[in-house]
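Working notes, structure below.
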């Protein structure tokens, strides 16, 4: 599958002008109260999902997001729990074990779910310090929390009426660096949108600059100020 979601616009090859979805979004809701990275993530998710409820449903911690940006700038591994999530960030290296034969075999022999087996195998490849994207299965999120994955960030946004909200509650209580949402909604589109916002921010790092959370916040705030419209002019 070709092309990750395009910053500021629609899918690659679409007829949607770049920036038009964001112009529409900002004409309908003011997210300027949010910190820069939290706002970027929230706007990406709303544009990708066309669901304005995410303005209050997402649970973002600016310093945790900054830590993930710093990790991505330093080359952290990225793990997706399903191929659908992985397809949403095509063009970026990603570890995804959900459809591998070994995953099926491990699930059967260990008596665990396939999502849990995929997490175990992915951790073997990615190791500590990875950014984990969980948009498909509450079981995968449970396994991430159960194992000592030492993540840079866990994006935990699985959807579903059974277990999803509870798994996200547990993630927030776990102490792990995380982004989640409160309701049962979520899914692969949301997970991919969060990642693309963070990956865009990571591109702000000049070559050779030490990657850390404080630097990530400063750089993103600088970019946000530079992108802000002058007084009396609408946001583009």
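What follows draws every value from the coordinates through simple rules; no lab data is involved. Computed from a predicted structure; not experimentally measured. No Cβ is skipped: glycine too gets one built from the backbone with ideal geometry, and neighbour counts run over all protein chains shown.
Worth pointing out:
- DSSP beta bridges in segment 20-227 [antiparallel fraction, %, rounded to 5]: 15 percent
- Among 24-31, 180-187, sorting by the average number of other beta carbon atoms lying within 10 angstrom of each residue, highest first, gives 180-187, 24-31.
- Compactness check for segment 139-195: Cα Rg over 2.2 N^0.38 Å is 1.01.
- Segment 41-89 and segment 100-164 have Cα centres lying 17 Å from one another.
- Whole-number percent relative contact order across segment 58-213, with pairs defined as alpha carbons under 8 Å at least 6 apart: 30 percent
- Only alpha carbons enter this Debye calculation for segment 20-227, each as an equal point scatterer, and the log10 of I(q)/I(0) it gives at q = 0.07, 0.11 Å⁻¹ is -0.19, -0.48.
- Cα→Cβ-extended label distance, 7 Å offset, between residue 109 and residue 51, nm: 3.8 nm
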